[in-house]
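A.B. asks: So that we are looking at the same thing, I have put the structure below in structure tokens.
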């Protein structure tokens, strides 16, 4: 009988061991086998009951919807995700709507924090990092920002049928004048106060791994002047490559040539592929009215890698407990009523003669018999009939044997956006609308910044 009871007890133990009993560990020698489960709850991970409408509810671990999201360790949220083992991307595919939501207009501020122009940028991190061109925020020749604090306004498109709305103030934190690339961080809302919490903005996906090829379809997104006040999208394809420097300091970098119809204002905007990933940064254009041609230029996104990695370490107000940015504030504008102790009639349009150089972009040799042209305020280059050029031109000056030219500029011209062009035999013609002449004037030397032209190939 005892043998039968012992046998029955052994049989019960074997049956228990073979059943999946929750919470039971069966130890055999040194190995511990736990029951199948999608998650092991540790004491610190255990969900705590909350009260909703008088009912005690236990939420899954990690799901605390009552707390503000903390993105302090988020990093660059827009980089193309690495693929998982089964080939699926860790992030949902981007859409055109995602790209439009992550594209911003930048209000360019001068030394007195007055808005003097616009550019485009793309949000590359949901905490508020924005990628754009250096020439939107500073002077490529000197490497200096337009104002001492590197401050600019940020406009967000809430509805693509309407102009963007002023939402934030941003500050340049990483920049390279030669590459013509800059990264801004959002530091305040429109009232000048830092965001109360870490932002969670839509961010564009960056494809820094794939190489852009000739014939590849691309789309530019941004705020070109030719598109008016609303967001504009233009499709085209990559038609070639070039190398040159924006700063004229000897360093050259790859430029992607594409044929989408862009104009001033698109600078800094995202160039995306068919997967709606940013592959380049729009930053310049070339046109030749005589030959009837126009091309747009962009910097490949991988040129921004080093700057992006550095910007990822920047503390952003509203995140990580980062404090508000410490700013010097806008420079005080000069009093127009004082001039060496005398009075100046503010309605008087004083004329200034300022010289500059027109140079070959490769050899830096002077370009002789080149022309710098400014159109009358009521015209832009799309209006011009080249058979009747004199009707449209306000000012045209020719370079001398040293490649030097002298512009006679009035206060009114210096304070307004103008249509500006460069012409020379055997060189690519450059024309641009809504050009701010103060951007190519160096106050320290009282000269126009040297201008470089590309020889016709």
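Throughout, read-outs are computed from the coordinates displayed, never taken from laboratory work. As the structure is a prediction and not an experimental result, all values here were calculated from the model. Cβ atoms come from the backbone with ideal geometry, glycine included; neighbour counts cover every protein chain shown.
A.B. asks: How do the peptides 152-162, 123-133 rank, highest first, by the average count of neighbouring beta carbon atoms within 10 Å per residue?
C.D. replies: Per-residue Cβ counts within 10 Å, averaged per peptide and sorted highest first, yield 123-133, 152-162.
A.B. asks: Another question, if that's okay. FRET efficiency for residue 379 and residue 355, Cβ-Cβ distance as r, R0 = 22 Å, nearest 0.05?
C.D. replies: So the FRET efficiency works out to roughly 0.30.
A.B. asks: How many nm separate the modelled label positions at residue 197 and residue 387, each set 7 Å beyond the Cα in the direction of the Cβ?
C.D. replies: Using points 7 Å along Cα→Cβ, the separation is 6.5 nm.
A.B. asks: Residues of region 251-271 with amide nitrogen under 15 Å from the 7 Å Cα-to-Cβ point of residue 226?
C.D. replies: Within reach of a label on residue 226: 258-267.
A.B. asks: Which of rounded, prolate or oblate describes region 351-453 when judged by the alpha-carbon gyration tensor and an a/c cut-off of 1.5?
C.D. replies: Oblate shape, in that a/c is at least 1.5 and b/c is the bigger or equal ratio.
A.B. asks: Nearest 0.05, what FRET efficiency do residue 97 and residue 239 give at R0 = 45 Å with Cβ-Cβ as r?
C.D. replies: The calculated FRET efficiency here is 0.95.
A.B. asks: Separate question: Could you give the length gained on full extension between residue 114 and residue 326, defined as 0.36 nm per residue of separation minus the Cα-Cα distance, in nm?
C.D. replies: 74.4 nm
A.B. asks: Rounded, prolate or oblate: which one fits region 87-146, using the alpha carbon gyration tensor with axes a ≥ b ≥ c (rounded when a/c is under 1.5, else prolate when a/b beats b/c, else oblate)?
C.D. replies: Here region 87-146 falls in the prolate category.
A.B. asks: Then there is this: Rounded, prolate or oblate, given the Cα gyration tensor of region 400-457, with a/c below 1.5 counting as rounded?
C.D. replies: Oblate, since a/c reaches 1.5 and b/c is not below a/b.
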